[in-house]
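To start, the structure under review is shown below, and the notes come after it.
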Amino acid sequence: MTQKRRILVTSALTYANGPLHLGHMVEHIQTDIWARFQRLRGHECYYVSGDDAHGTPIMLQAQKRGITPEQLIEETHAAHKQDFSDFHIDVVDYGSTHTEENRQQAESIYHALEKNGDITKKEIKQAFDPEKKMFLPDRFVRGTCPRCKTPDQVGDSCENCGATYTPLDLIDAKSVVSGATPIEKSSIHYFFKLSNYQDFLTQWMDSGSLQPEVRNKLQEWFGDGLRDWDISRDSPYFGFNIPGEKDKYFYVWLDAPIGYIAIFKTFCEKNNITFDDFWQSDKTELYHFIGKDILYFHSLFWPAMLKGAGLRTPTGVFTHGYLTINGEKMSKSRGTFIKARTYLNHFEPTYLRYYYAAKLNGSVEDIDFKVDDFLQRTNTDLVNKVVNIASRCAGFIHKKFEGKLTASCEEQALYDEFSQAADDIAAAFEKRDTCKAVRLMMALADKANQYIDSKKPWQMVKDQDQLAAAHAVCSVGINLFKVLMTYLKPIVPTLAERAEAFLNITLQWDNLATPLLDHTVNPFKPLLSRIESKQTEAMMEESKTDAAPAVPAPAADSWLGKKPLKPEITIDDFSKIDLRIAKIISADHVEGADKLIQLKLDIGGEIRQVFAGAKASYAPEDLVGRHTIMVANLKPRKMRFGLSEGMIAFGVGERLFLLEPEEGAEAGMPVQ
């Protein structure tokens, strides 16, 4: 057994202005697998994460919905926490940056930097919305690129030609918030003098804390010397005030990573853990898992801030790439923006956790979620290879041998080959090269199945003289399955739990070398089902529905601008739609769904079930007895909660509102 390590690991805090999608799950699944592996090896490993709850986008999203930022982040936090829990992300604490603890930690670090002489003030010029009376972040200004003339580009860089510029350099620049033409306005801002830490950062980057390709990328920032970092924002803004200022706020990226400290400190206080052991001492280990889009914040600004505040710096920052769907960026318009909850409506998390593990190799490369490959790989590896080992042997063990394994291992050399793969698999896990770890596991699974195929216990049990040999073969098969499931436990924890229930043990890394002998296993129950293509098709179809926002863009006189019309259709297209008057005869909450209401509709002697995403606007009891318009010939869609057999009509604005026919309408009437 290796020496026990003490480890704190984090995933990047998730921005609290919208639902999680499969891109978010890459990082959190990767982190969770690594943390579970460390604990399986006997190390003390704490995993914390949470929501990044400050910034202009959250303020504006709350305004759009007519609620306070506090209400928005509370609602989003609950949804994020539930999604991560349902994906079996085993964080010890999932917190938020909008807490008093985080405010105190942010102010403490700020004062330490101020005392060091690391804080300075400068007057800067920014884009300002004259209608909304607010300074505009770069992403909230759009216009035509001044170099290549590509329209509808954001305020700092062009997606087409790669040019960088200021928002006011754009041609025909417009505020995304109001549509007004921005003006230039000056303001005093606070800056962190990153240049004071250039020598330290060079040394830290060379210490092995970063992947080589990340270190090389960061070198680009050092060529002309590190520039000071703007850490303030002007009112209106949702965040923490800079000490001593009324209308100046910490930029979200100052207090966001400090959230790691605040969340863990709260956890330590609740669980009698010495906080300073992890943030004041190099005897423990600290690792951050992040996406490459936030590389600079975690690998330059963050370690410099920690150094200036007298806190320990990260042992390592592990950066991963983006997720693509079928080779392309996730897109709402193409129906490939797959929400985490949409996935869970159709599959258990085991499949995605395994698929990501089989793709991730510890580098910054993007990974691709190919829908067909997802189906094929999970079925082939998990069901046909791994689970198949147990299912082929377990029945004979119970039918012929009262559920008891042999008292000796008849293939000790084969078993040793499996258990001795532990060091190579552990090394791959440690480097986050789960792709390699999975390859090693599946090569062993192939050998186990080849062994069973060669012995053919299903034929042996027919011959009384070969019963003992069949018993030995099946016992070996069960033991090989036990080793494989131990290796897989960090990746697919719920499948491992089912395997443990069958094997009647707790899978442990430190007993890999010891086979189960003279041991009774429980009756075998199916551990995992095959994925069917209709399930992936249903998930992708639901993603197309998800593409429409729950609260669409308001009308032209509102802050986001006019919602464009959909493409024209002909009368022939419209005539295909069967619109009927429907009476809502019952409406119920849907357990496990935040937005859905289960409706039973009478469309003239026929009762249909429909799931409508209207819970934010209506209590179910408010809908019973009312009439509405229903698309009666929409193809039914199978959801996790049941079959949805149509769609009813809601208008959209600041909230959904039920479209109702005038008095006298009856259920079943056609709508023309």
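The values are calculated or read from the model by the stated rules, or taken from the named source; none is laboratory data. Please read all numbers here as calculations on a predicted model, not as lab measurements. Neighbour counts run over all protein chains shown; Cβ positions are idealised from the backbone, glycine included. Surface areas here come from the heavy atoms of the whole protein model, side chains and all, with no ligands, DNA or RNA. Shrake-Rupley method; radii C 1.70, N 1.55, O 1.52, S 1.80 Å.
Descriptive notes on the structure:
- Residues in segment 608-629 that are part of a loop (DSSP other than H, G, I, E, B) and of a type outside the set (S, T, Y): G613, A614, K615, A616, A619, L623, V624, G625, R626.
- S186 being open to solvent by less than 60 Å² (accessible area, probe 1.4 Å) and farther than 22 Å from R312 by Cα: yes
- The residues of segment 66-111 that are among the aromatic types (F, W, Y) and outside any helix (DSSP H, G or I), listed by number, are F87, Y94.
- Within segment 62-116, considering residues that are hydrophobic (A, V, I, L, M, F, W, C) and farther than 30 Å from Y356 by Cβ, the one most open to solvent (accessible area, probe 1.4 Å): I67
- Selection from segment 314-345 of residues that are open to solvent by 30 Å² or more (accessible area, probe 1.4 Å) and in a loop (DSSP other than H, G, I, E, B): T315, Y322, N326, G327, M330, K332, S333, R334, F337
- K4 passes every criterion in (1) in a loop (DSSP other than H, G, I, E, B); (2) of a type in the set (K, R); (3) out of contact with any Asp or Glu (no Cβ under 7 Å at 6 or more places or on another chain) apart from (3).
- K595 vs. criteria at pLDDT below 80, in a loop (DSSP other than H, G, I, E, B) and not aliphatic (A, V, I, L, M): yes
- Boolean, D247 is surrounded by fewer than 16 Cβ atoms within 10 Å (Cβ to Cβ), farther than 21 Å from Y46 by Cα and under 26 Å from the mean Cα position of the chain (by Cα): no
- Residues in segment 50-95 that are within 23 Å of P137 (Cβ to Cβ), within 17 Å of the chain's Cα centre (by Cα) and among the hydroxyl-bearing types (S, T, Y): T76 only.
- The residue that is surrounded by the most Cβ atoms within 10 Å (Cβ to Cβ), counting only those in segment 597-623 that are of a type in the set (K, R) and either touching a Pro at 6+ places or on another chain (Cβ under 6 Å) or closer than 11 Å to A582 by Cβ (or both), is R608.
- Taken across segment 371-385, residues that are in contact with a strand residue (DSSP E or B) (Cβ under 9 Å, 6 or more places away or on another chain) and either of a type in the set (S, T, N, Q) or open to solvent by 40 Å² or more (accessible area, probe 1.4 Å) (or both) do not occur at all.
- Qualifying residue in segment 147-163 (condition: in contact with a helix residue (DSSP H, G or I) (Cβ under 6 Å, 6 or more places away or on another chain), of a type outside the set (S, T, Y), over 22 Å from G225 (Cβ atoms) and open to solvent by less than 40 Å² (accessible area, probe 1.4 Å)): yes
- Filter pass, G308 being within 23 Å of H54 (Cβ to Cβ), open to solvent by less than 20 Å² (accessible area, probe 1.4 Å) and touching a Gly at 6+ places or on another chain (Cβ under 9 Å): no
- Inter-residue pairs, beta-carbon under 7 Å, first surrounded by 13 or more Cβ atoms within 10 Å (Cβ to Cβ) and in segment 520-541, second hydroxyl-bearing (S, T, Y), 6+ apart: F524/S391; L528/T350; I531/Y351; I531/T378; M539/T342; M539/Y343
Each row is one residue, and each column tells you yes or no for (1) charged (D, E, K, R); (2) farther than 30 Å from D465 by Cα.
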position: L344; (1), (2): no, yes
position: V371; (1), (2): no, yes
position: T380; (1), (2): no, yes
position: V386; (1), (2): no, no
position: L414; (1), (2): no, no
position: S419; (1), (2): no, yes
position: F429; (1), (2): no, yes
position: D433; (1), (2): yes, yes
position: K436; (1), (2): yes, yes
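- Any chance E365 is surrounded by fewer than 22 Cβ atoms within 10 Å (Cβ to Cβ) and within 17 Å of the chain's Cα centre (by Cα): no
Matching residues to (1) within 28 Å of Q71 (Cα to Cα); (2) over 26 Å from the mean Cα position of the chain (by Cα); (3) open to solvent by 10 Å² or more (accessible area, probe 1.4 Å); (4) of a type in the set (A, V, I, L, M):
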| residue | (1), (2), (3), (4) |
| --- | --- |
| I273 | no, yes, yes, yes |
| L286 | no, no, no, yes |
| I294 | yes, no, yes, yes |
| L300 | no, no, no, yes |
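- Set side by side, the residues H346, H320 differ, and just one is in contact (Cβ under 8 Å) with a residue 40 or more places away in the chain and closer than 21 Å to M639 by Cα, which is H346.
- Residues of segment 400-411 that turn out to be assigned to a helix (DSSP H, G or I) and either surrounded by 16 or more Cβ atoms within 10 Å (Cβ to Cβ) or free of Cβ contacts under 8 Å to residues at least 12 places away in the same chain (or both), as a count: 1
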